[in-house]
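> Below is one structure. I have some questions about it.
The values are calculated or read from the model by the stated rules, or taken from the named source; none is laboratory data. This structure is a prediction, so every number in the text was calculated from the model and none was measured. Cβ atoms come from the backbone with ideal geometry, glycine included; neighbour counts cover every protein chain shown. Side chains are part of the model used for accessible areas, which takes the heavy atoms of the whole protein and leaves out ligands, DNA and RNA. Shrake-Rupley method; radii C 1.70, N 1.55, O 1.52, S 1.80 Å.
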Amino acid sequence: MRSARRLKYSVMLVILAGSGLALLAVTQPWYQLRLEASAEHPAAVEITGSAAAPALTALALSGLALVAALAIAGPVIRAILAVLGIIVGASVALAAAIAMADPVHSGISEITAVTGVAGDGAVARLVAAIESTIWPSVALAAGIILAIGSLAAVVTTRRWPSASRKYQAVRFAPESEADISDTAIDSWDELSRGEDPTAGSPPASR
């Protein structure tokens, strides 16, 4: 039981680490785009992770929520959630990779806001140099970690200990058909003898 609990918490910790790294990366500066000095505008524009990859915030938060759900879910739901975690991790990595492949495109809206220049081609001509930070790579690694942790959850979910009883649904066992039949027969016998079968029952509350 102790090894199963350790396995569960280790996998959840990996997923938590990936989601936390992605959330941290999205708040940090990713690129410094230095602009041509051909017009009156700032010499450089800083592009944060939230601007370069807008979907990352929601994806990272969903990864954090996934950890909480995995902690209390049953085996079947846990497997489904883990598959969703793989998709979330892959989406985080893909969003980071797209931003890394074309930093200028990821910062178009920011450049347009400070320069007034619109259009992909016009904005691209304004950029003289690109300085990158480590945070895009951190976001990419975070997505991979999240996906690996979720994959581990899929593979090992049957070895995890059961959830606490307070999270399990209460089940009410119905009366057996034999009990119901015996009660009906007794009531019929009492009626046939002229007795009231409800005489011994407490009055219904109003």
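> So, in the stretch 142-174, of the ones that are in a loop (DSSP other than H, G, I, E, B) and modelled with pLDDT of 75 or more, which residue ends up surrounded by the fewest Cβ atoms within 10 Å (Cβ to Cβ)?
Among them, the one singled out is Pro161.
> Kindly indicate the residue of the stretch 65-80 that is of a type outside the set (Gly, Ala, Ser) and surrounded by 15 or more Cβ atoms within 10 Å (Cβ to Cβ) and also nearest to Leu13 (Cα to Cα) among those meeting that condition.
So in the stretch 65-80, the residues of a type outside the set (Gly, Ala, Ser) come out as 66-67, 70, 72, 75-78, 80.
Right, trim to surrounded by 15 or more Cβ atoms within 10 Å (Cβ to Cβ) and you get 66-67, 70, 78.
Values: Leu66: 12, Val67: 8, Leu70: 11, Arg78: 15 Å.
Per the stated criteria, the residue is Val67.
> Report, ordered by the first and then the second residue, all pairs with beta carbons closer than 8 Å, sequence separation of six or more or different chains, a first member in the stretch 76-91 that is closer than 11 Å to Gly63 by Cα and free of Cβ contacts under 8 Å to residues at least 24 places away in the same chain, and a second member that is of a type in the set (Lys, Arg) and part of a helix (DSSP H, G or I).
none
> How many of the residues making up the stretch 81-93 are open to solvent by 30 Å² or more (accessible area, probe 1.4 Å) and hydrophobic (A, V, I, L, M, F, W, C)?
Final tally of qualifying residues: 6.
> Also: I'd like the full set of residues that are part of a helix (DSSP H, G or I) and either open to solvent by less than 40 Å² (accessible area, probe 1.4 Å) or modelled with pLDDT of 85 or more (or both), limited to the stretch 102-111.
The answer is Pro103, Val104, Ser106, Ile108, Ile111.
Yes/no matrix, rows are residues, columns are (1) modelled with pLDDT under 95; (2) surrounded by fewer than 18 Cβ atoms within 10 Å (Cβ to Cβ); (3) in a helix (DSSP H, G or I):
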{"site": "Met100", "(1), (2), (3)": "yes, no, yes"}
{"site": "Ala113", "(1), (2), (3)": "yes, yes, yes"}
{"site": "Glu131", "(1), (2), (3)": "yes, yes, no"}
{"site": "Leu140", "(1), (2), (3)": "no, no, yes"}
